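Peer 1: Take a look at this one; I'll ask things after.
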Amino acid sequence: MKNRKILKITGVAVLVAALLVSVGYNIYLTFWGMDSYLQSTDEIYIMESGILRNNLEFADGEDYEFVYDFENEEYPKLIEEYKIDKTAGDGSEFERAVRLMDEYAPRLTHKSNYDNSVDMNALSLLKHSLDNESHGINCRNKAQILNEMCLALGIYSRKVWIMPNSIYDSDCHVVNEVWDTKLGKWVMLDITNNEYWVDENGTPLSVLEIRYKGAMQEFCTPVRPGDRLDDLEGLKEKYIGDFLYIMKNMVYMQYCHRFTVGESEVIYMLFPENLDTKYEMIISEESCERAPF
């Protein structure tokens, strides 16, 4: 009887020990052992860059021209009420637009499921959402605000929808591009994240330049106004979440026909040749890269 009791206790002890060993081994694998695909940002980037590389070339499209409205009657009201000319200050178009972005990005709360219930123009959106955390708006509306501010100050600016590959991914992103005369090209601004992107030399990049570098696994990174650019690798690591999010949404692009107060109903699409679409208004890559004048 006594021996049976000892055997029972010993058996329970062995089971407990085995359970502890199993739990400990799984903890080890999770944190120090076998790498997990879902835990590696490098693996996620490899997947995203592969998708971009497979869709690197765009389909042949029409040579459309964008229209930029600098004469809208609401621009003087926007300048007077918010003193955006003073905020933008002097300098290149890019420098002035960055100052506007940096001023207003932290003052506009993000709400991804915002219902677009307010009229989509800068004056209405600012009245609704500026410095009001309970009235968040999405990236599309933030980009509209920045776009109208730039146009009001004579800066060529446009909204760009950057879109994912998966038909199951309903999440996209909307950014701005401004034409910088000094650089002689378009430069992307992301007012939602208060970021622009640079290459290894700190040169600001356009949407299509970021897309190409992502596809070819060439260096680029988001940076924020005020960041020191002497450690770009460190900034890429710091903003890796934003980096991967933008790369996910770089498969194809959409543009309004006309950039003004509010959104035009006509939309152009820049679309990869490897993917199928029934959409008819496909734009050429050159139309999106060339100077706006």
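Peer 1: May I ask you to list the residues in region 86-107 that are within 18 Å of residue 123 (Cβ to Cβ), open to solvent by 30 Å² or more (accessible area, probe 1.4 Å) and in contact (Cβ under 8 Å) with a residue 12 or more places away in the chain?
Peer 2: 87, 103, 107
Peer 1: With respect to residue 247, is the statement that it is part of a strand (DSSP E or B) and closer than 18 Å to residue 139 by Cβ true?
Peer 2: Considered against the rule, which asks whether it is part of a strand (DSSP E or B) and closer than 18 Å to residue 139 by Cβ, residue 247 comes out as no.
Peer 1: Filter the helices (runs of 4 or more DSSP H) completely within region 36-92 down to those with at least 1 residues that are acidic (Asp, Glu) and at pLDDT below 95.
Peer 2: Here the list reads 41-54.
Peer 1: Keeping to region 188-220, report how many residues are outside any loop (DSSP other than H, G, I, E, B) and either hydrophobic (A, V, I, L, M, F, W, C) or within 21 Å of residue 100 (Cα to Cα) (or both).
Peer 2: Within region 188-220, residues that are outside any loop (DSSP other than H, G, I, E, B) and either hydrophobic (A, V, I, L, M, F, W, C) or within 21 Å of residue 100 (Cα to Cα) (or both) number 13.
Peer 1: Quick check on region 115-126. Is at least one of its residues in contact with a Ser or Thr (Cβ under 7 Å, 6 or more places away or on another chain), closer than 29 Å to residue 214 by Cβ and free of Cβ contacts under 8 Å to residues at least 60 places away in the same chain?
Peer 2: Narrowing region 115-126 to residues in contact with a Ser or Thr (Cβ under 7 Å, 6 or more places away or on another chain): 118.
Now narrow it down to the ones that are closer than 29 Å to residue 214 by Cβ: none.
No, every residue in region 115-126 fails to be in contact with a Ser or Thr (Cβ under 7 Å, 6 or more places away or on another chain), closer than 29 Å to residue 214 by Cβ and free of Cβ contacts under 8 Å to residues at least 60 places away in the same chain.
Peer 1: Working carefully through the options 188, 253, find the one that is touching a residue at least 24 places away in the same chain (Cβ under 8 Å), in contact with a Phe, Trp or Tyr (Cβ under 7 Å, 6 or more places away or on another chain), open to solvent by less than 30 Å² (accessible area, probe 1.4 Å) and farther than 26 Å from residue 107 by Cα.
Peer 2: 253
Peer 1: Which of the residues that make up region 77-116 are aromatic (Phe, Trp, Tyr) and in contact with a Gly (Cβ under 7 Å, 6 or more places away or on another chain)? Before the answer, list the steps.
Peer 2: Keep residues of region 77-116 that are aromatic (Phe, Trp, Tyr), which gives 82, 94, 104, 114.
Residue satisfying the conditions is 114 alone.
Peer 1: Mind checking whether some residue in region 108-116 is of a type outside the set (Gly, Ala, Ser) and on the phi > 0 side of the Ramachandran plot?
Peer 2: Among the residues of region 108-116, at least one is of a type outside the set (Gly, Ala, Ser) and on the phi > 0 side of the Ramachandran plot, which makes the answer yes.
Peer 1: Taking into account only those residues within region 142-158 that are of a type outside the set (A, V, I, L, M) and crowded, with 20+ Cβ neighbours inside 10 Å, which is nearest to residue 272 (Cα to Cα)?
Peer 2: In this case the residue turns out to be 158.
Peer 1: Test each condition in (1) under 18 Å from the mean Cα position of the chain (by Cα); (2) open to solvent by 10 Å² or more (accessible area, probe 1.4 Å) for residue 178 and report the one that comes out false.
Peer 2: So residue 178 meets the others, but not (2).
Peer 1: Sticking with this one: Looking only at region 265-280, how many residues end up being in a loop (DSSP other than H, G, I, E, B) and surrounded by 15 or more Cβ atoms within 10 Å (Cβ to Cβ)?
Peer 2: Going through region 265-280 one residue at a time, the tally reaches 1.
Peer 1: Another question, then. Restricted to region 197-246, and to residues that are free of Cβ contacts under 8 Å to residues at least 24 places away in the same chain and polar (S, T, N, Q), which residue is farthest from residue 291 (Cα to Cα)?
Peer 2: Ranking the candidates gives 201 first.
Peer 1: Let me ask something else. Quick one: which residue in 124, 129 is on the phi < 0 side of the Ramachandran plot and open to solvent by 10 Å² or more (accessible area, probe 1.4 Å)?
Peer 2: 124
Peer 1: Still on this structure, I have one more. List the residue pairs whose Cβ atoms are under 9 Å apart, where the first residue sits in region 160-182 and is without any contact (Cβ under 8 Å) to a residue 24 or more places away in the chain and within 21 Å of residue 222 (Cα to Cα), the second is among the aliphatic types (A, V, I, L, M) and part of a loop (DSSP other than H, G, I, E, B), and the two are 6 or more positions apart or on different chains.
Peer 2: From region 160-182, no pairs qualify.
The values are calculated or read from the model by the stated rules, or taken from the named source; none is laboratory data. Since this is a predicted model, take the numbers as computed values, not measurements. Glycine also receives a Cβ, built like all others from the backbone with ideal geometry; neighbour counts cover every protein chain displayed. What goes into the accessible areas is simple: the full protein's heavy atoms, side chains included, and nothing from ligands, DNA or RNA. Shrake-Rupley method; radii C 1.70, N 1.55, O 1.52, S 1.80 Å.
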